[in-house]
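Here is the structure we will look at, set down as structure tokens.
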Amino acid sequence: MAEIGIGIIGGGYMGKAHSVAMSAVGAVFNTGLRPRLEMICASNEASAERYRTAYGFARGTGNWQTLVSDPKVEAIVIASPQETHRAIAEAAFALGKPVFCEKPLGASIDDSAAMMQAGEAHHCINMIGFNYIRTPASQFARQLISDGAIGDITMFRGEHTEDFLADPNAPATWRTSGDANGTMGDLAPHMINGALALMGPMTRVMAEIETVHQTRPGGAVTNDDHAQMMVRFENGAMGQMFFSRVATGRKMGYAYEVTGTKGAIRFDQEDQNALWLFRREGPEATQGFTKILTGPAHPDYEPFCLGPGHGTGYQDQIIIEARDFLRAIETKTNIWPTFRDGHEVNQIIAAARASHTHGTWQDIATF
């Protein structure tokens, strides 16, 4: 069992989640590589020291270059703002270090393309953080679809809806400025990635993108509040997706429904430990959606709990990500989703923006 020095850039919401995950992953999954919390980076030295003490790192720094170049930092987690992703990843890859990056990959499609190319050119392990698709329920949904349990897939309907900006009197913040912080940059990537995981590649898209509240106390809103997309998948199925940060009453509305010729699947992240499955078999009088509570029989559940129906939570998704990242490093083999998968999401978002601008269907392959 070997140690690996972990450096995390960003100490806030996701920085804390990844710090906790790296502390716990060895015990939960009995990983071959055991993380050592070597260094954490924040925007200044005082914040770095506060996070270092709180999370249990050996050292802290206010300079990401110091963290990336330190020989005791052997793998890097980027949990800082999108506009910082590219420079950090390129510097780490140049030193041959593995990188895990929170979504979205960079602040633009140019960033994600450059990050993908740098990781591949230097033959470095790379992974992007799409955690919601890793719940035991959604992993089981992927298995059912792959195994043909609901037949040939004909339709996908997904959403990622929240209400943290539903109040028009909520003040303008960093979230209301810049494309990367809007709904298409913030929420849409998760469900687009989920659709790709469940359905396979998309070929074209038609989208509408809208700012519902043009101004807020403190300033103008320069990015989008919600958006809708129609898509066509490579397998021939059609799809619909909706994303919103102004969906009053929705807290974690990462939800989808997959329809097939023999059945259907429904999932809602607000009830993340349940999957609804319909099978078109048996007498019509007894047909209906069955609620399946996740348990040790489902992927990645048993390491957390031996009791069916007891459930896993948000932090557990991040621990599963940490396990996959460590396994990729140990085996020297990239594990889905990689930076290439993150760039694919950004290509779809770029095509959706072009569709909105021109009012036409857009082929995704051209972006």
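Remarks
- Checked against the criterion of being of a type outside the set (D, E), part of a loop (DSSP other than H, G, I, E, B) and either crowded, with 19+ Cβ neighbours inside 10 Å or touching a helix residue (DSSP H, G or I) at 6+ places or on another chain (Cβ under 7 Å) (or both), segment 132-144 contains one or more residues that satisfy it.
- Screening L293 on (1) surrounded by 17 or more Cβ atoms within 10 Å (Cβ to Cβ); (2) under 30 Å from A21 (Cα atoms) shows it passes everything except condition (1).
- With respect to being crowded, with 20+ Cβ neighbours inside 10 Å, touching an Asp or Glu at 6+ places or on another chain (Cβ under 8 Å) and part of a helix (DSSP H, G or I), M115 fits the description.
- Taking the listed residues P168, P189, the one that is part of a loop (DSSP other than H, G, I, E, B) and outside the structural domain of P98 (by TED's automatic domain parsing) is P168, with no other qualifying.
- Unique match (being in contact (Cβ under 8 Å) with a residue 24 or more places away in the chain and touching a Lys or Arg at 6+ places or on another chain (Cβ under 6 Å)) among G249, G311, G263, G253: G263
- Identity of the residue in segment 64-96, of a type outside the set (A, V, I, L, M, F, W, C) and crowded, with 23+ Cβ neighbours inside 10 Å, that ends up farthest from P35 (Cα to Cα): Q82
- Residues in segment 211-265 that are out of contact with any Ser or Thr (no Cβ under 7 Å at 6 or more places or on another chain) and of a type in the set (V, I, T): T211, V212, T215, V231, V246, T248, V258, I265.
- Within segment 233-259, the residues that satisfy the criterion of being buried (at least 22 other Cβ atoms within 10 Å of the Cβ) and farther than 21 Å from H356 by Cα are Y254, Y256, V258.
The values are calculated or read from the model by the stated rules, or taken from the named source; none is laboratory data. Just so it is clear, the model here is predicted, and its values are computed rather than measured. Neighbour counts run over all protein chains shown; Cβ positions are idealised from the backbone, glycine included.
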